[in-house]
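The values are calculated or read from the model by the stated rules, or taken from the named source; none is laboratory data. All of these numbers come straight from a predicted model, not from anything done at the bench. Ideal geometry is used to build each Cβ from the backbone, glycine not excepted, and the neighbour counts take in all protein chains shown.
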């Protein structure tokens, strides 16, 4: 894809994927520990925020580190955001399957006033994948612009 193999993109994306996995595990941890979702819990270990920060940084650093073109630089962040979104969907599924309350089925996390039914929650989560991937690509593009502010790499 764009002159590189998916294996190459995966190798570049691995660090970001690990950051997102840590964020997901942390989110599960504070959820299971009973930390209230609002006002503090919703911003601690946010998977979406972690994806945004990681994609912004990937945009700034990967073109120089790996000599990638604009389009090639977008692929690893898209992989990272997809993994993050799949973690959110899977976590929501597990939460409903186990009949538990967590950050993944909290009404505020789903942008509703009251607890949602399983099917509605899954539709909401699945519908969020494409917009989140697009926002990750936009953050990566902004990062590519900001990366031009960095000094040239010492040879």
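As a summary of the residue check, residue 151 satisfies the conditions (1) in a loop (DSSP other than H, G, I, E, B); (2) buried (at least 16 other Cβ atoms within 10 Å of the Cβ) except for the one numbered (2).
Could you check, for region 100-111, whether at least one of its residues is without any contact (Cβ under 8 Å) to a residue 60 or more places away in the chain, closer than 25 Å to residue 30 by Cα and either touching a strand residue (DSSP E or B) at 6+ places or on another chain (Cβ under 9 Å) or crowded, with 19+ Cβ neighbours inside 10 Å (or both)? Checked region 100-111: at least one residue is without any contact (Cβ under 8 Å) to a residue 60 or more places away in the chain, closer than 25 Å to residue 30 by Cα and either touching a strand residue (DSSP E or B) at 6+ places or on another chain (Cβ under 9 Å) or crowded, with 19+ Cβ neighbours inside 10 Å (or both).
Going residue by residue through region 77-86, is there one that turns out to be part of a loop (DSSP other than H, G, I, E, B), in contact with a helix residue (DSSP H, G or I) (Cβ under 8 Å, 6 or more places away or on another chain) and under 16 Å from residue 13 (Cα atoms)? Checked region 77-86: no residue is part of a loop (DSSP other than H, G, I, E, B), in contact with a helix residue (DSSP H, G or I) (Cβ under 8 Å, 6 or more places away or on another chain) and under 16 Å from residue 13 (Cα atoms). Of all residues in region 26-44, those satisfying the criterion of being part of a helix (DSSP H, G or I), in contact (Cβ under 8 Å) with a residue 12 or more places away in the chain and exposed (fewer than 13 other Cβ atoms within 10 Å of the Cβ) are 29, 32. Looking across region 113-134, just one residue is surrounded by 13 or more Cβ atoms within 10 Å (Cβ to Cβ) and without any contact (Cβ under 8 Å) to a residue 12 or more places away in the chain, and that is 116.
In region 48-69, of all residues being more than 11 Å from the chain's Cα centre (by Cα), surrounded by 16 or more Cβ atoms within 10 Å (Cβ to Cβ) and more than 15 Å from residue 11 (Cβ to Cβ), the one that is modelled with the lowest pLDDT corresponds to 63.
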